[in-house]
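In what follows, a structure is listed as structure tokens, so that the remarks can point back to it.
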């Protein structure tokens, strides 16, 4: 009989302790969920602003990689063709590197498209120089602008459209 009383006495302590434990656990889990929700709401506002800035910067990057824009920005009358080519390649690479961190705010597919645009513009600049770099400056610049118009009309246009679509999807 003493054993039964001892067991009942122990259960008298354990059962209320378990009830308190589970109630506290429920309360803390609910409190934690509420706090996490508050943090997410705060971050979502900040996150949206950062995402919009990333899309804006990537649109600007597309414009700054435009061959016609590069020629207008970098070319001087005394610059030789090979110096112009090098200045354009350096400018493209620096612009890309300056915007590397934007990839964490956009989709992987969009960032891949940005990389392909950069690679295609750099390849076009190099190829144009190999084909027409030894000629006179006006011919070289004209050839570069034609290539730039082609790239801007195809690849760059698709990248900008992808940016617009991603913005629409995210901010709908």
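The values are calculated or read from the model by the stated rules, or taken from the named source; none is laboratory data. Please read these numbers as outputs of a predicted model, since none were measured by experiment. In this analysis, Cβ positions are derived from the backbone assuming ideal geometry, glycine residues included, and neighbour counts consider all displayed protein chains.
For the reader, a short list of remarks on this structure follows.
- Test for residue 166: is it under 16 Å from the mean Cα position of the chain (by Cα), surrounded by 13 or more Cβ atoms within 10 Å (Cβ to Cβ) and touching a residue at least 60 places away in the same chain (Cβ under 8 Å): yes
- Screening the candidates 58, 23, 18 for the property of being in a helix (DSSP H, G or I), on the phi < 0 side of the Ramachandran plot, at pLDDT 65 or above and touching a helix residue (DSSP H, G or I) at 6+ places or on another chain (Cβ under 8 Å) yields one hit, 58.
- Some residue of the range 108-131 being outside any helix (DSSP H, G or I) and surrounded by fewer than 18 Cβ atoms within 10 Å (Cβ to Cβ): no
- The residue pairs whose first member lies in the range 50-70 and is farther than 28 Å from residue 128 by Cα, whose second member is modelled with pLDDT of 90 or more and outside any helix (DSSP H, G or I), and whose beta carbons are closer than 6 Å, counting only pairs six or more residues apart or on different chains, are 54/106.
- Residues (farther than 17 Å from residue 123 by Cβ and either at pLDDT 90 or above or in a helix (DSSP H, G or I) (or both)) located in the range 69-80: 69, 72, 73, 74
- Selected residue (criterion: nearest to residue 49 (Cα to Cα)) from residues of the range 94-107 that are free of Cβ contacts under 8 Å to residues at least 60 places away in the same chain and surrounded by 13 or more Cβ atoms within 10 Å (Cβ to Cβ): 105
- For the range 113-123, the count of residues that are touching a helix residue (DSSP H, G or I) at 6+ places or on another chain (Cβ under 9 Å) and over 13 Å from residue 65 (Cβ atoms) is zero.
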